[in-house]
Amino acid sequence: MKTIGLISANYVSSRFGVLTNNRTLASLPFGGRYRLIDFALSNMVNSGITTVGIISPYNSGSLIDHVGIGKPWSLGRKMGGLFIMPGSVYGLHAVGNRFLLRDIIQNKTYLERDDADYVVVSGSSDVVNIDYAPLIEQHSKSGKAITMVYKRVEEAEKYTGFFMDLDEEDGKVVEIMSEDEGEACYFMDCFIADREFMLDFIEWFDALEYMDFFDVIRRNIDKFDIGSYEFTGSLGKINNIEDYLRVNMRIRDYDFRNEVFCNPERIIYTKVQDEAPVYYSSKANVTNSVIAAGSRIEGTVENSTIFRSVNVGKGAKLKNCVVMMHTEIGEGASLENVICDKYVTIRPGTRISGRKEEPIVIGKGLTL
């Protein structure tokens, strides 16, 4: 059952503001040392998938700089390995859409030149640690052309994307909706399909190349036999700024952290950047926070995620914040519910306060 991987990174949303002005969502820093693409890539290689293609956007500089030739994920190899493929210029901007049919058509050579039986396709912005091996096995035995991965969620109205209505007897997908409420089966932006079916599909519907793959599927649902696979683990869904702050905060939850980051058999790999250990002064006060190497902490940090090489000055106070690399927090400054991009400078005494539901975002390189 040879399987290749395909990761869609050619999408973004205006809901991320300045954080995605000059980078793709897939390369957005997360959790003190990662980028969002790390989770999609690690899930592939941890499941034994050693040929992986990434459909990249036009502003892919930060993404390409991060993944390189795929060495941190053991994808820098002669046979198979990592393929960076061009996406269409404008990509997808609709909230919840991930798989532009035009992108798949444009890169059909990737599917044609391999002899794999199946292709696992995923988005690139979910914080999740998933083993695809059971999915591949179930799909192989089912005989179905497509198997969609879903998670049962409560309060579906809080989620954006696609939902699935399933046949209770055999798990067949009978309807795909863009909205639902209450408890629902939420599509996790991940599916497996027969490679030959994918090639046939893009020939059948090439005239609809401007649409999302699953918009086409749901409008022709009666023509396909689609299976489903339930994922029961933890899912960190990031569709907007509020999600980004909330999922960063979840790292401090013991169960979430252990499941996603602490499984020795399913490591989340990333580009290595060696730094000195964190320096804590005698006046530092840190509680319930993640502090990355290379940082210098001389103030108070509470419920926050601090990336590499961040300096928090004397008397400064950070609460419910995400502070990215190479940021300077001046003495006596106070930040609450704030997201700082890279190379930000906060002058001494500055006070900035947002809300959890509406955090304040400070763009890259700004001085306040």
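The values are calculated or read from the model by the stated rules, or taken from the named source; none is laboratory data. No experiment lies behind these values; they were computed from the predicted model shown. Methodologically, a virtual Cβ is constructed for each residue, glycine included, from the backbone with ideal geometry; neighbour enumeration extends over all protein chains shown.
Quick look at the numbers
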read-out: Filter result for D180 (in contact with a helix residue (DSSP H, G or I) (Cβ under 9 Å, 6 or more places away or on another chain), at negative phi and either surrounded by fewer than 17 Cβ atoms within 10 Å (Cβ to Cβ) or free of Cβ contacts under 8 Å to residues at least 40 places away in the same chain (or both)); value: yes
read-out: Residues (under 16 Å from H326 (Cβ atoms) and assigned to a helix (DSSP H, G or I)) located in segment 12-26; value: L19
read-out: Enumeration of residues in segment 86-106 that are more than 18 Å from the chain's Cα centre (by Cα) and either assigned to a strand (DSSP E or B) or at pLDDT 90 or above (or both); value: P86, L101, R102, D103, I104, I105, Q106
read-out: Members of segment 267-308 found to be in contact with a Ser or Thr (Cβ under 8 Å, 6 or more places away or on another chain) and at positive phi, listed by number; value: G294, N303
read-out: Every residue from segment 48-66 that is hydroxyl-bearing (S, T, Y) and closer than 12 Å to N22 by Cβ; value: Y58, S60, S62
read-out: Test: residue in segment 6-18 that is within 13 Å of T270 (Cα to Cα) and surrounded by 21 or more Cβ atoms within 10 Å (Cβ to Cβ); value: no
read-out: Verdict on G233 being among the small types (G, A, S) and surrounded by fewer than 15 Cβ atoms within 10 Å (Cβ to Cβ); value: yes
read-out: Flag if F224 is assigned by TED's automatic domain parsing to the domain that holds T24 and in contact with a Lys or Arg (Cβ under 6 Å, 6 or more places away or on another chain); value: no
read-out: Residues located in segment 300-326, provided they are out of contact with any Asp or Glu (no Cβ under 7 Å at 6 or more places or on another chain), assigned to a loop (DSSP other than H, G, I, E, B) and surrounded by fewer than 24 Cβ atoms within 10 Å (Cβ to Cβ); value: N303, M325, H326
read-out: Any hit, segment 273-290, residues being in a strand (DSSP E or B), in contact (Cβ under 8 Å) with a residue 24 or more places away in the chain and either assigned by TED's automatic domain parsing to the domain that holds S124 or surrounded by 14 or more Cβ atoms within 10 Å (Cβ to Cβ) (or both); value: yes
read-out: Within segment 338-355, tally of residues that are in contact (Cβ under 8 Å) with a residue 40 or more places away in the chain and either touching a helix residue (DSSP H, G or I) at 6+ places or on another chain (Cβ under 7 Å) or not in a loop (DSSP other than H, G, I, E, B) (or both); value: 2
read-out: Every residue from segment 340-368 that is in contact with a Ser or Thr (Cβ under 9 Å, 6 or more places away or on another chain), surrounded by 13 or more Cβ atoms within 10 Å (Cβ to Cβ) and among the basic types (K, R); value: K342, R347
read-out: Check on A40, touching a residue at least 60 places away in the same chain (Cβ under 8 Å), of a type outside the set (S, T, Y) and either outside the structural domain of L245 (by TED's automatic domain parsing) or within 21 Å of I268 (Cβ to Cβ) (or both); value: yes
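One line per residue, one yes/no per condition, for (1) within 18 Å of the chain's Cα centre (by Cα); (2) surrounded by 16 or more Cβ atoms within 10 Å (Cβ to Cβ); (3) polar (S, T, N, Q); (4) under 19 Å from D200 (Cα atoms):
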{"residue": "K108", "(1), (2), (3), (4)": "no, no, no, yes"}
{"residue": "L111", "(1), (2), (3), (4)": "no, yes, no, yes"}
{"residue": "D115", "(1), (2), (3), (4)": "no, no, no, yes"}
{"residue": "S122", "(1), (2), (3), (4)": "yes, yes, yes, no"}
{"residue": "N129", "(1), (2), (3), (4)": "yes, yes, yes, no"}
{"residue": "V149", "(1), (2), (3), (4)": "yes, yes, no, no"}
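Residue by residue, here is whether (1) over 30 Å from G87 (Cα atoms); (2) assigned by TED's automatic domain parsing to the domain that holds G53; (3) in contact with a Gly (Cβ under 7 Å, 6 or more places away or on another chain) holds:
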residue	(1), (2), (3)
K151	no, yes, no
F162	no, yes, yes
M177	no, yes, no
E181	yes, yes, no
